[in-house]
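One structure is given below, encoded as structure tokens.
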């Protein structure tokens, strides 16, 4: 079981102003990969990216559930979350 495994939901802004929501154990390392074009297809040609938000979860499954929820938010609601949340 994956107890006490810290995972984060994070939001980054790409150079074309699009937002990307993902999960990672090490957000700084993951953002570095995004900035090298190595993290995922979505950000492969949209770097550099800027980390705007991160949110701690105690397991990968909880982080994944929250990621899915946040990905369903409108752009406005994502920025509201960024504005009142655990920003960087």
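Some points to look at:
- Fully extending the segment from residue 28 to residue 73, taken as 0.36 nm per residue of separation minus the present Cα-Cα distance, adds 13.8 nm.
- Residue exposure sequence - 82, 12 - by fewest surrounding Cβ within 10 Å: 82, 12
- With both labels modelled 7 Å from their Cα along Cα-to-Cβ, the residue 80 to residue 16 distance reads 2.7 nm.
- Shape analysis of the chain yields a ratio of the Cα radius of gyration to the Kirkwood radius, Rg/Rh, of 0.96.
Every read-out reported here was derived from the displayed coordinates using simple, explicitly stated rules and does not represent laboratory data. Keep in mind that this is a model prediction, so the values were computed, not measured. FYI the Cβ positions are ideal-geometry reconstructions off the backbone, even for glycines, and counts take in every protein chain you see.
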